[in-house]
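For reference, the structure discussed in these notes is given below.
The values are calculated or read from the model by the stated rules, or taken from the named source; none is laboratory data. Predicted model, so just to flag it, every value in this text is computed and none were measured. A quick note on method: Cβ atoms are made from the backbone with ideal geometry, for glycine too, and the neighbour counts reach across all protein chains shown. We work out accessible area using only protein heavy atoms, side chains counted, and drop any ligands, DNA or RNA first. Shrake-Rupley method; radii C 1.70, N 1.55, O 1.52, S 1.80 Å.
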Amino acid sequence: MLDVALATCVNLPERDTDLEPLLGALRAAGISAEPLAWDDPDADFGSARMTVLRSTWNYSERPEAFRAWIDRTAAVTALWNPAEVVRWNAHKSYLLDLQARGVSVVPTHLSRRGAPGMLADVMDAKGWSDVVVKPAVSGGSRATIRVGPGDRERGEAHFRTLVGKEDVLVQPYQPSVEGHGERAIVTVERVPTHAVRKSPRFLGDSESVSQAVPIEDDERDLVARALSALPHPLLYARVDVARDAAGSPQVMELELIEPSLFFPQSPRALEAYVAAVARRLPR
């Protein structure tokens, strides 16, 4: 019986740089592991003692099918992160949940599918002149655009197209991502291991990622508050953070499903991750 299935997808939209070092480290620890695609009907996840979500990067294109797969898989193998965590994290309205629990997040407006009104109504009501528009269920910058003061016509068309078929988020653009940068803070079992600086990523853009950078004390505090809002155990998490105009960190995204964990930037994080997998592996 296979020890660990690393859940991926049939057609990866880009290379998973975590996969090769993770497979090597698991096998070096005596843990048999293979990638299996969640959207391959012939993939037998029941043949694995544990399934770890790794690069199911197309799930937002088929969210209902993905949720059904999560439930089926959790019934036949130990799933990490747990199914209830995945279901909650799959819709970015979780940001509003975090905000309600006192966690500092990037201000977020949620427009439900089919909602009346225009993007201009949201921007004017909030006093936002420069915004990011994205689907509430998305990954890899799918259908995500920035809309500035001189770009409202394009933004309006994009917003109305999206809200006609799915829930949509509107958030003020955070200028700090261009200077200080968006920081992706990786944790294993809720303990921060390392961070990288990411460039802003919008529709059609490629992502630029730095080597490991220091985690500031206020970022550590924010990560702890964000993760403490979840009562469930976590194998891994990535908290993407940007600073507001006053310099305070805010959660941009809390990635609990299939985030890149930037193992090439931190061998120590990879070691901690493999040890955590070994502790959870059913015998």
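Here is how the numbers come out for the structure above:
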{"item": "Principal-axis tilt of helix 63-76 within the chain, Cα atoms, nearest 10 degrees", "result": "20 degrees"}
{"item": "Structure-derived Kirkwood radius over Cα pairs in Å: which label, when the choices are (i) 18.4; (ii) 19.6; (iii) 21.0", "result": "(ii)"}
{"item": "Glu189 paired with Leu19, simple spin-label distance in nm, labels 7 Å along Cα-to-beta-carbon", "result": "2.8 nm"}
{"item": "Heavy-atom accessible area per residue - the chain, 1.4 Å, Å²", "result": "43 Å²"}
{"item": "Computed label-point distance, nm, for sites Ala29 and Arg101 using a 7 Å Cα→Cβ extension", "result": "2.6 nm"}
{"item": "Packing rank of 100-111, 147-158, where each peptide gets the mean count of other beta carbons within 10 Å, highest leading", "result": "100-111, 147-158"}
{"item": "Label zone at Lys165, where the point sits 7 Å out along the Cα-to-Cβ direction: segment 121-140 residues whose backbone N lies under 18 Å", "result": "133-140"}
{"item": "Segment Gln211-Ala68, extension gain: residue separation times 0.36 nm, minus the distance between their alpha carbons", "result": "47.8 nm"}
{"item": "Global geometry of segment 152-203, whether rounded, prolate or oblate, following the gyration tensor of its Cα atoms and the 1.5 cut on a/c", "result": "oblate"}
{"item": "Sites Ala143 and Met1 - FRET efficiency at Förster radius 41 Å, r taken between beta-carbons, to 0.05", "result": "0.55"}
{"item": "Mean separation of Cα contacts under 8 Å, 6 or more apart, over the residue count of the chain: relative contact order %", "result": "21 percent"}
{"item": "Share, in percent, of DSSP beta bridges within the chain that are antiparallel, nearest 5", "result": "70 percent"}
{"item": "Computed E for Ala125/Ala246 - FRET, C-beta separation, R0 22 angstrom, nearest 0.05", "result": "0.50"}
{"item": "Tail weight of P(r) past 26 Å, computed on alpha-carbon pairs of segment 43-184, percent", "result": "35 percent"}
{"item": "Angle in degrees between helix 19-28 and the longest Cα principal axis of the chain, rounded to the nearest 10", "result": "30 degrees"}
{"item": "Which listed pairs, of Lys92/Lys126; Lys165/Lys198; Lys126/Lys198, have C-alpha distances above 21 Å, in listed order", "result": "Lys165/Lys198; Lys126/Lys198"}
{"item": "Shape category assigned to segment 164-273 from the gyration tensor of Cα positions, a/c cut at 1.5", "result": "rounded"}
{"item": "Counted charge near Glu255, where neighbours are those whose Cβ lies closer than 11 Å (Asp, Glu -1; Lys, Arg +1)", "result": "-1"}
{"item": "For Leu23, solvent-accessible area (1.4 Å; no DNA, RNA or ligand), Å²", "result": "20 Å²"}
